[in-house]
Amino acid sequence: MEIKKNKIHKWARLTVVGAGPGDPDLITLKAVKALKNADVVLYDALVNKALLNYTNPNTELIFVGKRKGCYKYQQEQINELIVDRAKSNGHVVRLKGGDPFIFGRGAEEMEYAASFGLETAVIPGISSSLAVPAYQNIPLTKRGSTESFWVITGTTKQHKLSRDIALAAKSKATVVILMGMGKLSEIITLFQAEGKNQLPVAIIQDGTTVREKIGIGTVDTIEQIVSDNELSNPAIIVFGEVVNHRAQLVKVKNEVTTKQLAS
Ligand SMILES: C[S@@+](CC[C@H](N)C(=O)[O-])C[C@H]1O[C@@H](n2cnc3c(N)ncnc32)[C@H](O)[C@@H]1O
């Protein structure tokens, strides 16, 4: 795609916007305002399409995500499309799942646009890394249980397993892994090597959406649970004692109900 360097639309700019994790109510007011104000919206596969209803009827909507496992646009083409449309149409909103700066390539797209003289801004979103476990009553930190958490990609730029996972497996932190389903066996092996065979694990697919599915187990049992429940991408993997909080909630509630029935 050829980008004309000289002519720039008066309102040419890029706003990189977080769409939240899936539930369309989990978007910020600022993001909604940006959508209302957009001339062009480029959106990804993990974005809830209902959010596009916030745009004007004459806003151009371009899907740039993966369809049936294949990318319609390579990242380079998306970058060029952003600049091209901003120059010709004005305000481009790049709508991304979760938060655009958490494994979202939002920073790269902003840098590219800025290199063509465009104004850029980001509107943070609610990341799936936090919200998807939260919707399943899994807190990433809990007093007395965990003091920190890691959010790690399972798959690096070179399609390798991130070496940070081996480090995280040694720590007492809650470990949240995105894009890790294809490497689940390797990840499990790392936790087993640390003797964490009984550590609780949760895998949540399509979290915060109507398609949501969850599997709960331990390091040793989770692979069987994934297979039994046919869990697949997009999914979040959570390792840590905090996973037990959901069961704890149910237990506490049941105890209260039993007491109420007995009185
Ligand atoms: C390229 S990353 C983008 C993350 C995004 N920027 C965020 O902050 O949520 C995509 C990965 O995020 C995770 N993910 C995103 N939305 C999800 C959802 N609703 N349920 C489960 N996992 C999700 C999956 O691991 C998926 O492969």
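The values are calculated or read from the model by the stated rules, or taken from the named source; none is laboratory data. This structure is a prediction, so every number in the text was calculated from the model and none was measured. Using ideal geometry, Cβ is built from the backbone for each residue, glycine included, and neighbour counts are taken over all protein chains shown. Just the protein is used for accessible areas: all its heavy atoms, side chains included, with ligands, DNA and RNA removed. Shrake-Rupley method; radii C 1.70, N 1.55, O 1.52, S 1.80 Å.
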With (1) open to solvent by less than 20 Å² (accessible area, probe 1.4 Å); (2) closer than 25 Å to residue 34 by Cβ as the list, and residue 115 as the residue in question, which single condition is left unmet? (1)
Search result, residues across the range 39-83 that are more than 17 Å from residue 106 (Cα to Cα) and in contact (Cβ under 8 Å) with a residue 12 or more places away in the chain: 39, 48, 50, 51, 52, 54, 55, 56, 59, 60, 61, 67
Pairs where the first residue, in the range 232-243, is aromatic (Phe, Trp, Tyr) and the second is open to solvent by 10 Å² or more (accessible area, probe 1.4 Å), C-beta under 6 Å, 6+ apart: 239/199
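Keeping to the range 95-121, report how many residues are within 12 Å of the ligand (Cβ to nearest atom), outside any loop (DSSP other than H, G, I, E, B) and in contact (Cβ under 8 Å) with a residue 24 or more places away in the chain.
Applying the first criterion (within 12 Å of the ligand (Cβ to nearest atom)) to the range 95-121 yields 95-107.
Subsequent filtering for residues that are outside any loop (DSSP other than H, G, I, E, B) retains 95-96, 98, 106-107.
If we keep only those that are in contact (Cβ under 8 Å) with a residue 24 or more places away in the chain too, we end up with 95-96, 98, 106.
Here the count works out to 4.
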Criterion violated by residue 217 - all others in (1) in contact (Cβ under 8 Å) with a residue 40 or more places away in the chain; (2) touching a helix residue (DSSP H, G or I) at 6+ places or on another chain (Cβ under 6 Å) satisfied: (1)
Helices (runs of 4 or more DSSP H) wholly inside the range 130-241 that include at least 1 residues being within 29 Å of residue 108 (Cβ to Cβ) and either of a type in the set (Ser, Thr, Tyr) or open to solvent by less than 70 Å² (accessible area, probe 1.4 Å) (or both): 164-170, 184-193
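Within the group 162, 148, 129, which residue is touching a strand residue (DSSP E or B) at 6+ places or on another chain (Cβ under 8 Å), free of Cβ contacts under 8 Å to residues at least 12 places away in the same chain and not aromatic (Phe, Trp, Tyr)?
Details: 148 fails: free of Cβ contacts under 8 Å to residues at least 12 places away in the same chain; 129 fails: free of Cβ contacts under 8 Å to residues at least 12 places away in the same chain.
Just one listed residue meets the conditions, 162.
Restricting the range 13-33 to residues that are in contact (Cβ under 8 Å) with a residue 40 or more places away in the chain and part of a loop (DSSP other than H, G, I, E, B), which is surrounded by the fewest Cβ atoms within 10 Å (Cβ to Cβ)? Before you say what the answer is, go through the steps one by one.
Applying the first criterion (in contact (Cβ under 8 Å) with a residue 40 or more places away in the chain) to the range 13-33 yields 13-23, 26-28, 30-31.
Those left that are additionally part of a loop (DSSP other than H, G, I, E, B): 19, 21-23, 26-28.
On the way: 19: 28, 21: 28, 22: 24, 23: 18, 26: 18, 27: 24, 28: 16.
Selected residue: 28.
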Looking at the range 52-69, can you tell me whether even one residue there is open to solvent by 80 Å² or more (accessible area, probe 1.4 Å), within 18 Å of residue 30 (Cβ to Cβ), assigned to a helix (DSSP H, G or I) and away from the ligand (no atom under 16 Å from the Cβ)? yes
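Please go through the range 169-187 and give me each residue that is closer than 19 Å to residue 139 by Cβ and in contact (Cβ under 8 Å) with a residue 24 or more places away in the chain, ordered by number.
Here is the first cut: in the range 169-187, the residues closer than 19 Å to residue 139 by Cβ are 171-178.
Across the range 169-187, the qualifying residues are 172, 173, 174, 175, 176, 177, 178.
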If you check every pair at least six apart or on different chains, which have Cβ atoms under 6 Å apart with a residue in the range 188-205 that is without any contact (Cβ under 8 Å) to a residue 24 or more places away in the chain first and a residue that is surrounded by 14 or more Cβ atoms within 10 Å (Cβ to Cβ) and assigned to a loop (DSSP other than H, G, I, E, B) second? 197/219; 197/220
